[in-house]
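Input: a single structure, listed below in structure tokens.
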Number of protein chains: 2
Amino acid sequence: MSLIVQKFGGSSVADAESIKRVARRIVETKQAGHDVVVVVSAMGDTTDELLDLAEQVSPNPPGRELDMLLTSGERISMALLAMAIADLGADARSYTGSQAGLITDSAHGAARIIDVTPGRIQEALAEGAIPIVAGFQGVAQDTKDITTLGRGGSDTTAVALAAALDASVCEIYTDVDGVFSADPRVVAKARQVPVITYEEMLELAAVGAKVLHLRCVEYARRFDLPIHVRSSFSHREGTLVLSPAAIAAKIAEGSVMEHPIISGVAADVNDAKVTVVGVPDKPGEAAAIFKALAGAGINVDMIVQNVSAASTGRTDVTFTCPQGSAKAAMSALEAERATIGFESLLLDDQIAKVSLVGAGMRSHPGVSATFFTALADAGINVEMISTSEIRISVVTRVDEAKRAVQALHTAFGLDADGEAVVYAGSGR
Amino acid sequence: MSLIVQKFGGSSVADAESIKRVARRIVETKQAGHDVVVVVSAMGDTTDELLDLAEQVSPNPPGRELDMLLTSGERISMALLAMAIADLGADARSYTGSQAGLITDSAHGAARIIDVTPGRIQEALAEGAIPIVAGFQGVAQDTKDITTLGRGGSDTTAVALAAALDASVCEIYTDVDGVFSADPRVVAKARQVPVITYEEMLELAAVGAKVLHLRCVEYARRFDLPIHVRSSFSHREGTLVLSPAAIAAKIAEGSVMEHPIISGVAADVNDAKVTVVGVPDKPGEAAAIFKALAGAGINVDMIVQNVSAASTGRTDVTFTCPQGSAKAAMSALEAERATIGFESLLLDDQIAKVSLVGAGMRSHPGVSATFFTALADAGINVEMISTSEIRISVVTRVDEAKRAVQALHTAFGLDADGEAVVYAGSGR
């Protein structure tokens with residue numbers, strides 16, 4: 001008998017009918033002979049409604065109290081889900097994050113799990129019950145105050161519990177069938193990816209694919225825990241997130257056909273581009289810029305420095321950061337203007353970051369050539385470039401992002417019913 | 001510096017504006033030099049809304065899960081109240097019943113407080129903070145599951161905390177100015193009672209006055225803790241609930257004028273009357289009836305047994321119980337029909353219980369005479385009678401209850417601007 005952790009998001013438990021449907025699904029899994037632990041998010045828009053209430057009361061509420069408020073959301077959904085399961089004749093018991101042993105640091109609103117002590121969950125399992133655990137929340141080790149893990153934190157709760165309980169798989173139920181090669185709203189021919197590595201999933205999550213929470217994937221990779229992303233609205237197989245070795249084993253046993261070279265294409269339109277114009281081209285200038293940004297807590301993503309003009313001895317430094325941080329970035333730099341000695345600042349929020357992710361890039365030369373040829377053929381101008389071992393990202397105009405994603409999706413043979421791409425011989 | 005426990009009910013924190021108003025009031029008390037501990041109920045109709053949700057999911061939800069669900073209500077109101085207080089520059093911290101040390105038995109939905117260990121509340125007070133505690137809830141000593149104290153339980157939370165913290169007073173804030181001599185919606189000339197004993201308050205609570213939860217008054221009496229019932233919408237003095245000795249001391253020091261002979265008149269229209277017709281008049285028959293009712297968990301209030309008819313050797317036994325239990329009472333009796341040997345059952349839910357309460361009855365003869373004369377003069381028929389040391393209750397037709405209350409209120413000189421009643425010389 002294996003143990004399965006099933007996580008249901010807010011859209012899967014949005015109302016009484018949905019809760020009953022999810023309850024039936026959980027009981028089916030139990031009746032199929034598995035032990036089941038369920039992790040559940042707050043119903044539908046509950047979290048946003050609670051944030052609205054907080055805003056009406058205080059413009060700047062203390063993090064401790066905001067966490068206390070928001071954690072009432074899962075308390076409601078988990079109790080209702082336990083009731084619905086009980087109504088089907090099974091024994092279900094709900095547990096808060098604190099009761100389930102989700103021990104965190106005390107960073108309210110973005111707490112990190114530092115230990116999982118699921119003694120009560122194990123007791124409930126031993127008695128044949130189905131434990132229903134509140135996602136997204138925990139209790140601080142030092143202050144004993146209630147904490148939250150930040151948006152999407154329920155995925156992390158599920159994976160952390162699955163790891164602590166040595167579950168065979170963590171099933172993340174959502175409103176789509178799994179991970180796709182591109183956003184189906186952008187690329188009609190996007191196809192579902194059957195398997196993907198943790199690394200690819202991390203890169204995709206980092207560049208705008210919203211299926212899984214970044215931290216949850218990191219956690220799963222650390223414990224080599226299989227994640228199964230699937231729909232709560234169908235019984236189809238979803239996407240398995242695994243280690244490369246686990247994927248190789250699945251291919252060997254024949255349960256998976258192949259691990260595609262390219263997993264997907266994504267566009268992120270939430271970044272802005274800041275250019276620091278006329279920076280004296282001497283050692284330490286870039287350091288001064290990024291020290292100022294780090295001091296203001298700005299998350300810098302891509303960085304480009306031009307070749308300096310010989311006549312002036314000055315250069316331009318361009319970087320991207322989340323649009324929400326762009327104004328803070330400008331202020332932080334402006335405050336250091338005299339020290340850094342730059343001439344001016346330019347802000348551009350009409351950009352997109354278009355990324356191609358695939359573990360096969362490592363071993364297949366020519367991916368870069370295909371990538372840039374596809375964009376050139378589509379007449380799309382590339383403003384910045386950055387790469388990792390398994391990702392190529394470029395900055396384009398925001399209104400060209402959709403076309404760029406479509407062109408890349410086709411060029412790499414990802415279109416459903418399309419043919420496999422043939423790579424040119426040159427290195428990337 | 002004294003410690004004051006302030007309890008705010010759902011109507012006092014029904015929306016963001018009310019919460020901010022209550023926050024200002026709490027901060028005023030703190031600024032006046034008192035330590036303050038706040039107990040708060042769920043916002044407005046939250047509890048009813050959560051019960052609605054539960055009903056949509058399951059017709060008969062487990063008590064453990066219902067308690068988990070309902071306790072999210074105070075979690076929301078207390079966090080919002082703490083935010084509103086923080087917004088005024090004071091340090092407020094919210095605590096669940098479990099965090100505040102409200103230890104109960106495990107009777108879900110109607111748990112009893114068996115211990116209060118408010119260590120975290122005392123720490124917060126020592127640091128100058130205002131603790132905001134969730135009313136109505138606790139944690140079971142044996143199972144560690146979340147429990148609720150039943151409707152109105154927040155009053156009990158407040159009194160229990162006040163007793164454990166050795167507070168000087170427990171202020172219960174509500175939407176009226178205090179305890180009245182009758183329901184102001186029934187008697188326009190009802191007047192606010194300045195002081196009342198625990199015993200009188202218990203009798204009034206038991207006969208339908210809804211100001212204070214019965215168990216809260218019992219708790220306060222046990223610890224001789226002063227309760228101050230007052231309005232959260234005004235700064236007027238409300239009603240002090242005290243021991244007779246404390247009232248005597250207040251009269252001696254001149255802060256209270258006098259303790260009136262009669263505290264109030266109340267009507268309860270939530271009872272039903274069941275008559276067991278043709279019960280054999282022999283020893284053990286009444287016992288068999290009330291054993292059957294006790295076995296079904298029926299709370300029997302008034303009981304009358306007629307003189308038996310000599311010709312038949314049979315009698316009728318009539319009792320009252322809450323309307324909600326009447327059908328269960330009928331079924332329980334019907335199941336024992338052969339054993340008890342009665343002829344038939346009659347159910348009458350068109351009744352009211354009209355009660356007069358006053359500690360002065362003990363020492364002032366003639367109260368009964370005035371009581372029954374007033375009802376007779378008003379042409380109201382009395383169907384059943386029961387009395388305690390400080391209460392007289394009668395059953396009337398439900399549509400005559402209002403007139404009965406008005407007649408008694410006037411007859412005992414309770415009308416505001418009215419004259420004191422003159423008692424006839426005979427004993428009651």
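The values are calculated or read from the model by the stated rules, or taken from the named source; none is laboratory data. A quick note: this is a predicted structure, and the numbers were derived from the prediction, not measured. No Cβ is skipped: glycine too gets one built from the backbone with ideal geometry, and neighbour counts run over all protein chains shown.
The conditions of being in contact (Cβ under 8 Å) with a residue 40 or more places away in the chain and under 22 Å from B:Arg191 (Cα atoms) are met by B:Val207. Going by what's in this entry, would B:Glu65 be described as crowded, with 22+ Cβ neighbours inside 10 Å, out of contact with any Phe, Trp or Tyr (no Cβ under 9 Å at 6 or more places or on another chain) and outside any strand (DSSP E or B)? So B:Glu65 fits the description; yes.
Residues in the range B:79-89 that are facing chain A (nearest Cβ under 7 Å) and either farther than 18 Å from A:Thr47 by Cβ or assigned to a loop (DSSP other than H, G, I, E, B) (or both): B:Ala82, B:Ala84, B:Ala86, B:Asp87. The number of residues in the range A:123-159 that are touching a Leu at 6+ places or on another chain (Cβ under 7 Å) and in a helix (DSSP H, G or I) comes to 4. Which residue out of B:Ala100, B:Ala126, B:Ala160 is more than 23 Å from the chain's Cα centre (by Cα) and surrounded by 21 or more Cβ atoms within 10 Å (Cβ to Cβ)? On inspection, the qualifying residue turns out to be B:Ala100. Summed over the range A:1-54, the residues that are part of a loop (DSSP other than H, G, I, E, B) and farther than 21 Å from A:Thr157 by Cα give a count of 4. Are any residues in the range A:341-367 outside any strand (DSSP E or B) and either charged (D, E, K, R) or more than 23 Å from A:Val395 (Cβ to Cβ) (or both), and if so, which ones? Within the range A:341-367, A:Gly341, A:Glu343, A:Asp349, A:Ala359, A:Gly360, A:Arg362, A:Ser363, A:His364, A:Pro365 qualify.
With respect to the conditions (1) hydroxyl-bearing (Ser, Thr, Tyr); (2) over 16 Å from A:Glu65 (Cα atoms); (3) more than 26 Å from the chain's Cα centre (by Cα), B:Ser41 falls short on a single one, namely (3). Taking each residue of the range A:360-385 that is closer than 18 Å to A:Ile261 by Cα and looking for partners that are assigned to a helix (DSSP H, G or I) and of a type in the set (S, T, N, Q) with beta-carbon atoms closer than 8 Å, six or more apart or interchain, yields A:Ala374/A:Thr410.
Every condition in (1) within 23 Å of B:Ala205 (Cβ to Cβ); (2) touching a strand residue (DSSP E or B) at 6+ places or on another chain (Cβ under 9 Å) is met by B:Glu389 except one, and the failing one is (2). Within the range A:281-340, the set of residues being outside any helix (DSSP H, G or I), aliphatic (A, V, I, L, M) and without any contact (Cβ under 8 Å) to a residue 12 or more places away in the chain comprises A:Val307, A:Ala309, A:Ala310. In summary, helices (runs of 4 or more DSSP H) completely within the range B:182-280 and bearing 2 or more residues that are basic (Lys, Arg) occur at B:214-223.
Sub-9 Å Cβ pairs linking a first residue in the range A:34-52 that is more than 15 Å from A:Ser18 (Cα to Cα) to a second residue that is among the charged types (D, E, K, R) and assigned to a loop (DSSP other than H, G, I, E, B), at least 6 apart or interchain, are A:Thr47/A:Arg151, ordered by first then second residue.
Against the test of being out of contact with any Cys (no Cβ under 9 Å at 6 or more places or on another chain) and at pLDDT below 95, the options B:Gly101, B:Gly44 yield a single qualifying residue, B:Gly44.
In the set (1) more than 9 Å from every other protein chain (Cβ to nearest Cβ); (2) outside any helix (DSSP H, G or I); (3) not β-branched (Val, Ile, Thr), the condition left unmet by B:Gln99 is number (1).
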